[in-house]
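The values are calculated or read from the model by the stated rules, or taken from the named source; none is laboratory data. A quick note: this is a predicted structure, and the numbers were derived from the prediction, not measured. Note that we place each Cβ from the backbone using ideal geometry, even for glycine, and neighbour counts take in every protein chain shown.
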Amino acid sequence: MHWSEDGIVLSARKHGESAAIIQLLTRMHGRHAGLVRGGAGRRARGIYQPGNRVTATWRARLEDHLGSYTCELLSSPAAALLDDPARLAGLAAACAMAAAALPERAPHPEVYDTFSALLERLAGDGTVIDWAEAYVRWELSLLAELGYGLDLSACAATGRNDGLAWVSPRSGRAVSLSAGEPYRDKLLPLPAFLLNGAASETPDRAEVIQGLTLTGHFLARHVFAANEQRIPAARQRLAARLGDAPAG
């Protein structure tokens, strides 16, 4: 059994003296683990930093075995972000969320594509808001791919698509400002940049935090609580950091 494909390193865990168990996110094989002999050694360690892009070949005697990887480094976004703690926190959070939320060996091409787009935004010259907005959209795509997509197209109470301002924390459906006013203390704010047709809408920092709160609520409820887990610490650190980060 073997295959070859480009992948993104999600995590690396030392195994034995010098080997490492690597988790990759690939387009056709999903989140897939494998053993790298010498992967924890000094020379190879830099290849397997979370966020790095590699070309990987996986081999195993049987399909359900852990198998082994041989990898070649394609690019190292993490190295380019070492002087920007906020962007590095965004990279760490995305890797941790993908590693914890995605089922093993189940292909999710849309998640892989949006993850790749997020890496490009993190490596770009934009502001904190630019890449943080991309991060929120990536978590929305993660929810949708896992079967828990939010319905932000129309008000759950009226069926109209104007004046949408809230999201029901139970159903994940949008609610209009007027219909939700009596229940505003129980609803989640819906930032305008997530509405259909608002692709050109530039959010401010408060709206990005609202977006993180929104996706975090449903990921915690549907994905992590169902498996008796908590949202990864790296994701919690990102939310805390963005709350304190300057907007530029």
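Summary of values
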{"read-out": "Residue check for residue 177: touching a residue at least 12 places away in the same chain (Cβ under 8 Å), more than 23 Å from residue 94 (Cα to Cα), of a type outside the set (Gly, Ala, Ser) and surrounded by 13 or more Cβ atoms within 10 Å (Cβ to Cβ)", "value": "yes"}
{"read-out": "Qualifying residue in the stretch 70-79 (condition: at pLDDT 95 or above, farther than 25 Å from residue 131 by Cα, assigned to a strand (DSSP E or B) and under 24 Å from the mean Cα position of the chain (by Cα))", "value": "yes"}
{"read-out": "Residue under evaluation residue 135, criteria (1) of a type outside the set (D, E, K, R); (2) assigned to a loop (DSSP other than H, G, I, E, B); (3) at pLDDT 95 or above, criterion not met", "value": "(2)"}
{"read-out": "Test for residue 25: is it of a type in the set (A, V, I, L, M, F, W, C), at pLDDT 95 or above and assigned by TED's automatic domain parsing to the domain that holds residue 124", "value": "no"}
{"read-out": "Within the stretch 140-177, considering residues that are assigned to a loop (DSSP other than H, G, I, E, B) and of a type in the set (Ser, Thr, Tyr), the one farthest from residue 100 (Cα to Cα)", "value": "158"}
{"read-out": "Yes/no for residue 82 being in a loop (DSSP other than H, G, I, E, B), over 23 Å from residue 232 (Cα atoms) and in contact with a Leu (Cβ under 9 Å, 6 or more places away or on another chain)", "value": "no"}
